[in-house]
Amino acid sequence: MNTEELTLNIEKALEEIRPFLNSDGGDIKLISIEDDKHVKVRLEGACISCSVNQMTLKAGVETTIKKYAPQIETVVNVA
């Protein structure tokens, strides 16, 4: 999978997650992909102050991204 395909797959994953975040007043944005293994995202809106955002990031976002792009090793939220 080249970098362009990887980016498209990660965007597809975020599109799958976005409705759940939107329903709680939040959103997510892809910031970068480093070494084709490490993804940086930014949680936005209500997700910034949500007390379970790290659980959401690991359980929902990372799992969904890995479904679309299995080579991804880490997903981190950047402010």
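A few points about this structure:
- Most tightly packed first, judged by the mean number of other beta-carbon atoms within 10 Å of their residues, the peptides 24-35, 9-20 read 9-20, 24-35.
- For the chain, the relative contact order works out to 35 percent when only alpha carbon pairs closer than 8 Å and six or more residues apart are counted.
- Taking Cα extents along the principal axes in Å as calculated from this structure, the corresponding entry among [x] 58, 40, 14; [y] 34, 20, 18; [z] 44, 22, 19 is [y].
- Hz values of 3J(HN,Hα) by residue in region 16-33 - Karplus curve (6.51, -1.76, 1.60), Gly and Pro given as x: 5, 7, 3, x, 5, 5, 4, 5, 9, x, x, 7, 9, 9, 6, 9, 7, 10
Values quoted throughout were computed directly from the atomic coordinates according to the rules given, and no laboratory measurement underlies them. As the structure is a computational prediction, the values presented were derived from the model and not from experiment. Here Cβ is always computed from backbone atoms with ideal geometry, including for glycine, and neighbour counts include all displayed protein chains.
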